[in-house]
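What follows is a short report on a single structure.
The values are calculated or read from the model by the stated rules, or taken from the named source; none is laboratory data. Worth saying up front: this structure is predicted, and the values here are computed from it rather than measured. With ideal geometry, Cβ positions are generated from the backbone for all residues, glycine too; neighbour counts draw on all protein chains shown. Ligands, DNA and RNA are excluded from the accessible area calculation, which covers all protein heavy atoms including side chains. Shrake-Rupley method; radii C 1.70, N 1.55, O 1.52, S 1.80 Å.
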Amino acid sequence: MSRILYSGTKNASSWAFRAWLALKEQGIEFQERVVDIRRPQRFDNLARVAEFSPPGAVPVLVDGDAVIYDSLAIMEYANDLGGGSLLPADMKLRAQARSLVAWQHSGLSNLCPRLSFESSFYPDRRAMSPGEAADTKRLFDVLETTLLRSGGPFLVGDLSLADLAFVPTLIRIMSHAPNADEWPLTEAWYKLLMSRATVQEWMEEASRLPPVLLDDYRV
Ligand SMILES: N[C@@H](CCC(=O)N[C@@H](CS)C(=O)NCC(=O)O)C(=O)O
């Protein structure tokens, strides 16, 4: 089997998590090579990735002679390989799912930037700042409305790339905001996603790793 996913340290690599999830959810076989992206070895390791993948970042999927980089491209490829079941068949619903994925990919990376994916695994997590609570409310209000419109339990129809793209963000936020009573549909959706075997497999491995401490978490 020639398909190789260059993934990242599991408690530090939210983008790799998304690509990995889409492949796993589609039942696609692949070998996984975990690239250690912790400092200082991060720089040498990613320089080696740059020898075959222009961005020099993870994730990268190498499938025979195709080098597919960026989590979004890998998620779409996983969906194609698996027959398209991770995007709705209806064109408008598909566009809605892609809008959510694109928003997560291009705009939401700056949401609560100091609540990194790494910080979800810290044993002593701090409280959210007022700004982080406001960012969370803005996002969760949208998710709640989206779930109300879809009728649940997923954002758009069946489980889709949109749900998977949000998993690491939900983990970052929910590990710092245990009370989500204001958004019952979002909380139920979060619990449903967390109960999936794929998500549990990643999180169990990630939880066993030594925490990756980042300087800006507490300042
Ligand atoms: N837009 C890229 C972002 C990938 C990314 O930032 N990956 C991190 C690890 S999670 C990385 O390898 N960063 C190294 C770098 O960008 O120099 C994607 O979605 O795949």
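How long is the gain from LYS191 to SER207 if the chain were fully straight, where each residue apart is worth 0.36 nm and the alpha carbon distance is subtracted?
Here the answer is 4.0 nm.
Can you tell which of MET91, HIS105, TYR69 lies farthest toward the positive end of the dipole of segment 6-113, using +1 and -1 charges on the Cβ of basic and acidic side chains (Lys, Arg; Asp, Glu)?
HIS105
I need the semi-axes of the equivalent ellipsoid of the chain: take the C-alpha gyration tensor, multiply each eigenvalue by 5, square-root it, list largest first in whole angstrom.
They are 26, 24, 14 Å, listed from largest to smallest.
Cut-off 10 angstrom, C-alpha nodes, Gaussian network model of the chain. Which of ARG138, ARG94, ARG18 fluctuates the most?
ARG138
Search the structure for amide H atoms under 5 Å from the amide H of VAL34, placed 1.01 Å from N in the peptide plane, and list their residues when 5 or more places away or on another chain.
HN-HN under 5 Å from VAL34: SER7.
Could you check the simple spin-label distance between LEU111 and SER2, using points 7 Å along Cα→Cβ, in nm with one decimal?
Simple spin-label model gives 3.9 nm for this pair.
Which distance in Å, rounded to a whole number, links the C-alpha centroids of segment 180-219 and segment 1-56?
Segment 180-219 and segment 1-56 have Cα centres spaced 19 Å from each other.
Give me the number: length gained by fully extending GLU29 to GLU51, i.e. 0.36 nm times residue separation minus the C-alpha to C-alpha distance, one decimal in nm. Don't skip to the answer; put the middle values down first.
Details: separation 22, 0.36 × 22 = 7.92 nm, distance 2.43 nm.
Separation in residues times 0.36 nm, less the Cα-Cα distance, equals 5.5 nm.
Assuming 0.36 nm per residue, please report the length gained on full extension of the stretch ASP36 to ALA133 beyond their Cα-Cα distance.
The span from ASP36 to ALA133 would gain 31.8 nm if fully extended.
Which helices count as membrane-span-like in the chain under these terms: full DSSP H, at least 27 Å along the axis by C-alpha, Kyte-Doolittle mean of -1.0 or more?
Flagged H segments are 130-150.
Over segment 98-197, with every protein chain in place, what whole percent of the accessible area is carbon and sulfur at 1.4 Å, could you tell me?
57
Starting from the Cα of LYS137, draw a straight line to each of the lysines and keep only those under 25 Å, dropping any in the same chain fewer than 8 residues away.
Within the straight-line limit of under 25 Å, LYS137 reaches these lysines: LYS191.
What number comes out for accessible area per residue over the chain if the probe is 1.4 Å? Units Å², please. Intermediate results must be reported in sequence, preceding the final value.
Details: 10520 Å² over 219 residues.
On a per-residue basis, the chain sits at 48 Å².
Calculate for the chain the 222 nm mean residue ellipticity that helices alone would give, adding -39,500 (n - 2.57) per DSSP H run of length 4 or more and normalising by residue count, nearest 500 deg cm²/dmol.
-15500 deg cm²/dmol
Aspartates and glutamates within cross-link reach of LYS10: Cα-Cα under 15 Å, excluding same-chain residues under 8 positions apart?
GLU32, ASP36, GLU118, GLU201, GLU204, GLU205
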